[in-house]
Amino acid sequence: MGALKRAWLACVDFVVGDDWTLAAAVVAVLFVTWLASGGGFPSWILVPVGVAAALTVSVVRVQRAARRPPADPG
Amino acid sequence: MPAAVRTLGVHLFLLALATFLASTVEMVEALTIVLAVGVTRGWRAAVTGLVVALVALAVLVAALGPAVTRIPLGDLRVVVGGLLLVFGLQWLRKAILRAGGLKGLHDEDAIYRAEVAQLEAAGRGGRVDGYGVSVAFKGVFLEGLEVVFIVLTFGATQGHLAVAALAAVAAAVMVAALGVAVHRPLTRVPENSLKFVVGVMLTSFGMFWAGEGVGARWPGSDAFLLVLIGATLGLSVGGAALLRRANTPAAVG
């Protein structure tokens, strides 16, 4: 793997961490908020609600994975 | 005192506090590595790695800080706020998982013992222990990078880079002084709790700035940041409590 690619992956890992779907959800929330801004709709509410939902889903996924019984190797 | 001035004062205080706490956490982790190097490979290697890393970090802030502050505020807020929000959520998610029992608590003592074992297993170098220097450098530089990231994002979007940088330096000096006095890893620093608080603050600031950047108008303007911090803290503490209850042996069994 080239040095540049390694450096890029290190930067991504630095900011995003081990759950990239959380970062993707943040981008989606901000995009939807941007679309909703400018009209009469109070778009500000979308940010905390969207972030809270994304964080909850991320944590619940870890909880469910921890509860799952280990796969049978046999 | 006009309300706007009071609000600015509160923001500056929160900015400095968040940077100070984040820097404290990272410097405690860096101190553990420096102590391990010092005890196993010698203090010359530990101090050399430390000093070179601090200089590199200072150069990074000096080089990037002014460049970041020149970016138009609107464009800056959505990008920097978004990055800070993602970064903050990373901290907050891990803190909630630790508090909820789904991730091991950060244990400086265990990390110190593991580092010492690894360093002792490596062969000794010459007069200047390159391996020891590189371990100390990497430890301080990588932990310090997170602080630099926070200093640059906070300082740039709020326009108070010097305040953020000073808060980070104050924390580093405090941890260094404690390290020299105690001469052991600072296991009594409530790192896990501090990471929880820092995660809440980074996430809240990130939501606030990124939201503004995409055109959201927060009710009450800057004062709404306090509402975001309160709500994020409440949700996170509540979530961690629910997780803990769900993961107790009685609940699992």
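The values are calculated or read from the model by the stated rules, or taken from the named source; none is laboratory data. Source: prediction; values computed, not measured. Remember, those area values only see protein heavy atoms, side chains included, never the ligands or the DNA or RNA. Shrake-Rupley method; radii C 1.70, N 1.55, O 1.52, S 1.80 Å.
Probing with 1.4 Å while keeping every protein chain in the model, the per residue accessible area of the protein assembly as shown equals 50 Å².
Couplings 3J(HN,Hα) of region B:200-215, computed from phi: 4, 6, 4, 5, 5, 4, x, 4, 4, 6, 5, x, 4, x, 9, x Hz, in residue order, whole Hz [Karplus 6.51 cos²θ - 1.76 cosθ + 1.60, θ = phi - 60°; x for Gly and Pro].
Interface of A with B. Using a 1.4 Å probe and counting protein heavy atoms only, the two chains hide about 2500 Å² of accessible surface, both sides summed. When Rg and the Kirkwood Rh are both derived from Cα coordinates, the Rg/Rh ratio for region B:156-229 amounts to 1.11. Rg over Rh for region A:7-74 works out to 1.16, using Cα positions for both radii and the Kirkwood form for Rh. Element breakdown for chain B at a 1.4 angstrom probe: carbon and sulfur atoms account for 69% of the accessible area. Computed over the protein assembly as shown, the percent of Cα pairs more than 37 Å apart is 22. Can you compute log10 of I(q)/I(0) for chain B with the Debye formula, treating each Cα as one identical point scatterer, at q = 0.10, 0.11, 0.13 Å⁻¹? Reported log10 I(q)/I(0), two decimals: -0.55, -0.66, -0.88.
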